[in-house]
Structures are given as C-alpha cells and as structure tokens.
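Worksheet: one structure, shown below.
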Amino acid sequence: MDNLIPAPVRAGGDDGRGFLLDGATTLTAGPGTGGTERWLRTTLGAAFGLPLAPAPTDAAGSANTVELRVDASLEPEGYRLEVEPVRGVRITGGSAAGVFWGAQTLRQLLGPEAFRRAPVSPGAERRVPLAEIEDGPRFGWRGLMLDVARHFTPKDGVLRMLDLLAAHKLNVFHFHLTDDQGWRVEIKRHPRLTEVGAWRARTKYGHRASELWDGTPHGGFYTQDDIREIVAYAAERHIRVVPEIDIPGHSQAAISAYPELGNTDVIDTSALSVWDTWGINPNVLAPTDNTLRFFEGVFEELLELFPAETSPFIHVGGDECLKDQWRQSPTAQARMSELGLTDEDELQSWFIRHFDRWLADHGRRLIGWDEILEGGLAEGAAVSSWRGYAGGIAAAEAGHDVVMCPEQQVYLDHRQDGGPEEPMPIGYVRTLEDVYRFEPVPPGLSEEAARHIMGIQANVWTEVMQNRDRVDYQVFPRLAAFAEVAWSPLPAPGERDFAGFERRMNTHYARLDALGVGYRPPAGPQPWQRRPGVLGRPIEGPPPTV
Ligand code: ACM
C-alpha cells in the first residue's frame, strides 16, 4: 500500500492480514460499472487465472467479492477503496471513471504479477492488504502527446500506450496525427493524404545535422476503423482522445499529396515530397478559400471519428508556422489587404479563428499550441503552453483554458541524463527527479487564472525515436513521475519527497517489467539502448525557470 504510484490522497489501515482473492471471489458490479467489471476480469482474471465470476444477483453485500459502485456524492474521478478480510474489496467511485481509477489502484495493491497476462505462479496467494484509501486527482487533464507522424506507431502500439496511460491514471491522449513527415489518418474524400502523404522514401537518422540516413521506406496510417477502435479502447479506459491536425505550418505531407494546398505562387509545390528530415519547414498552407474548404472536409470526417463525448477538444496545431512564403505570396498579401490585416501573424490568427468558429458551430472546442496567441487568440480557444510557461500565463490571465506542457520541463524527447551514453541526446537534461519536481502552476498566478489551468501534458516528439523501444526508453520511467505530478496533491512548496518516490519506484519498476516496458534503468542505458555515433542535439546548462 505504501508503494502506490501515483500516491493517493489518503491511505491507511494495513494490519498485515489482508483479503485473499481466490477462485471463488466474485465481482459485484453496480449500475454504471460494467466497463470496469470487464476490465478487471480481463486483466486481473488473466494475470491470476481467476474467473472473477459475476456475483449471484441476491448476493450483494456478501462475502468474498470485489464490489464496484458509483456514488455521485464523490468527485467524478475520485474513489474510495476499502478492503475487509471477509467481505473483500469495495470500490466506490464518483462516476464510472472514479471506479476505474480505483480498480487501477487495486491492481497495484496486488503486486507486480497483476501486470502480467497469464499467471506465473498459479495457485499462489493473491493478497490485497487491508487498505482504506480515499483518492482523487489534482488535475482533470492528465495527458500524454504522442507524435505518430515523425515515426509511425502502429495501431497495436497505440492500444498498448493507452493501457500504460491508464495504469498511471492518465486520462488524455493527444494524438499528433499529421506533420511534414507524414499524414496518419485516412480521410475518405481526400485519399491522397494517406496514399501519398503517409510514406517517405528515407529518413534522417539522428538530429537533422546528422550525416546518417535510414534508407528503409517509412510510413503507415490508421484506417477509419483503426481510429474507431482506438477511440473506443480509450473510452473504455476513461481516456479522452484529442486528435491533432497541425495547420497551417507542419503541413508538407498534405501539400505533397495535394500541391494546390501550398503557396503555388511562391514555389513549385508539385515538386515537394513527404519531408525526410527534421526542423521547421517553410512550406506552409496557402491562406486560400480552397485550403479552408479542404480542411473543413478533413475536420468533418474527423468529428465523425472522434465523437464529442470523448473528444470535446480538437487540436489544430498552429505551432512554428514560418511566414516567409506568405510574405512573398501575392495571393496571401491580397487576402491580408482584403481582410484589413497588418501583418502575417494576424493572417495566421484569421486562419485559426476560422476553425475556432467552425469547430464551435460543430459543438467542439479548439485547442492549439501557444503560437495561436500571436495576432490575437480566437474567442473560445484553449492553449497548449509549450514554449515555457509564458503563453499559458498570458492565456489563463485572459480567461482562456490552458494545458501546461513547457518543453523545458516535460518534453520527454529531451535527454534524461547528462552522461555520454544517452542515445541521440536531445535538449536539456530532464531527470526523473526534475520531472517529479515539475510545478505546473506558476507562483504569482492569480487564483482566477490558476482555475484556467486544466492540467498538464507530457509531449513525446519522435524524430529520434524510430520504434517502440526508443519511445519506451524516453517515456519511462519519467511518465511515472509525471503521473504523480498530475494526480497527487501538491505538498507544501518545495516539499516534494523525491526519496519517498524513488523508494516506491522500486516496486513500480517491477510493474513496468511485468508490462514489458523498455524503460531507462536508473543506472543508465543497457547496451542495446545506446546509439553510439548517432548525432543528437544536447543543450548545455539548466533550462530556464519560470
Ligand atoms: C512544438 O513542440 N512544436 C509544439
């Protein structure tokens, strides 16, 4: 019980006896808890080879059962978990989501073997310590962004990542579906987006200054049914999905498929292919009616795939849109004078506002990277604050909702140690302890503005993560520290108990082992996790503070 991650709000009660789960233990699922009932049976049932049969309907409140129920007087994502020696386990959640987070805690209480998919010690005692836990999250938005554009994560890898998020009580999956290097979602009315835009002939190996290329063609995309499966799988785990279509920058893959989307009066866009290297790309969308109609069509299909209940927010990117082509383009300049705009930042703002209104008309909310503040923030827009805290502070003070994901703190592509063995080292050194000490609400923020901080997100950009093993290495174990920042109450400022967290991590590493996660070991990378000779781009010195 004293090794839970993230740490619960309150826990007590272990007198050493425990409740034993066995072949006769039943599941008593109250109204609205069917999803967690299914999840417990498939995960714990498989790990321990136990049937966890439904309790007979007349047996509620009887012995040897795991009882699930909703009590709406608790916070929606909060739960209470009580263990008694004869009766068994009772998980009471404020909603179906709270019940599910309570079930995740139960799994952790049962030890690392609970994270395997088949029993490794059949017949052994499955003891739940006699816990009494009251718990609930600090933030409502506890997210991870995965970039599947730079390197594609096949569908099974996405489902696995959703399981890993759920195991850490994270509840938002920001799905970065498009970029210069690939378009990853099937759009029926624009088939070339994936026929052409999902593939590249070769890929820069390492940072963009590296001399190395991987000549294996790379790509892939999710069919619309793949997306529906991912969304349903996430929903069953109480994870909201935020799909991102990155516009008007980061769009070379789309332009290579449909050259008329680009600034055809500046360059020959028909000569472009899906980008095969990294950096900020000058080939951005043309601010034309044709572009607006094209992406309205994309979003129409997207909204059908990502329903409003589980995807209230749609991310439109908006980051790193270089304005050089707009400065040179007579078409873009004509649009600016027609609209009475004084600079290209205002043109980007006009573009984002268009989709803010369009999404609002379709019952959704727009979220974008903090560049969407430049030239004026659209009315209902929320902001992912990535270039530090400043954008988030400005947006929150102006009454906009904010997700804090400053690159200096929670970009998991950044290296996790300063030593020479880190594979393809990028950015600042952000150790497990650094992530653990991340404080999302900047001091001095007014209470009113602080209420607009919806939560936090760790971002995983995959330029130098070619496959699942590289992603695992960068994401774990730091995601465990991040999850605790997102979920657990803030101790008094400066009092985060990292030594206590590290002690709990001893057990958590065993859980990650059981799950088959290729994390970075505390002592440094295993030989097969190193990439000697592949250039990264480390930044020396500590990152700037708030
Ligand atoms: C970003 O890292 N360009 C959002």
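Bear in mind that the values in this text are calculations on the coordinates, not laboratory data. All values derive from a computational prediction rather than experimental measurement. Cβ placement follows ideal geometry from the backbone for every residue including glycine, while neighbour counts extend to all protein chains displayed.
Before moving on, here are some points about what is shown:
- In order through region 114-121: 3J(HN,Hα) via Karplus (6.51 cos²θ - 1.76 cosθ + 1.60), integer Hz, x for Gly, Pro: 5, 9, 9, 9, 8, x, 9, 9
- Over all projection directions, the Cα-based convex hull of the chain averages an area of 25.6 nm².
- Gained length - W528 relative to R69, 0.36 nm times residue gap less alpha-carbon distance: 160.7 nm
- Shown here for region 162-265: GluC sites (Glu not before Pro) in loop regions (DSSP other than H, G, I, E, B) with at most 14 other Cβ atoms within 10 Å, namely E211.
- Each label point was placed 7 Å from the Cα along the Cα-to-Cβ direction; for E304 and S121 their separation is 5.3 nm.
- Zone of R10's modelled label, taken as backbone nitrogen in region 470-499 under 18 Å from a point 7 Å along Cα→Cβ: 488-492
- Seen from a random direction on average, the alpha-carbon convex hull of region 307-413 projects onto 8.0 square nanometres.
- For region 504-512, backbone phi angles converted through the Karplus equation (6.51, -1.76, 1.60; θ = phi - 60°) give residue-by-residue couplings of 5, 4, 3, 6, 5, 4, 5, 5, 5 Hz, Gly and Pro being listed as x.
- Contact order normalised by residue count of the chain, Cα under 8 Å, 6+ apart, percent: 15
- Stretching the chain fully between E540 and R365 yields a gain of 59.2 nm (0.36 nm per residue, less the alpha carbon separation).
- Taking Lys and Arg as +1 and Asp and Glu as -1, the other residues whose beta-carbon sits under 15 Å from that of E309 total +3.
- In region 240-313, inverting the average of 1/r over every pair of distinct C-alpha atoms gives 13.4 Å as the Kirkwood radius.
- 3J(HN,Hα) along region 315-323: 9, 10, x, x, 8, 6, 8, 5, 9 Hz, from the Karplus curve 6.51 cos²θ - 1.76 cosθ + 1.60 with θ = phi - 60°, whole Hz, x for Gly and Pro.
- Pairwise centroid distance, computed over Cα atoms, of region 30-85 with region 124-179, Å: 21
- Added length on full extension, which subtracts the Cα-Cα distance from 0.36 nm per residue, E447 to L292: 52.0 nm
- Simple label model, 7 Å out from Cα along Cβ direction - L322 to D156, nm: 3.9
- Virtual paramagnetic centre 7 Å along Cα→Cβ of A46, amide N under 18 Å, in region 112-133: 112-122
- Distances between placed amide hydrogens fall under 5 Å for H151 paired with T462, all partners being 5 or more residues away or on another chain.
- With respect to the chain, whose longest principal axis is taken over its alpha-carbon atoms, helix 330-339 is tilted by about 70°.
- Helix-only mean residue ellipticity at 222 nm for the chain, each DSSP H run of n ≥ 4 adding -39500 (n - 2.57), per residue, nearest 500: -9500 deg cm²/dmol
- Under 23 Å from K155, Cα to Cα: lysines that are on another chain or at least 8 residues apart: K169, K188
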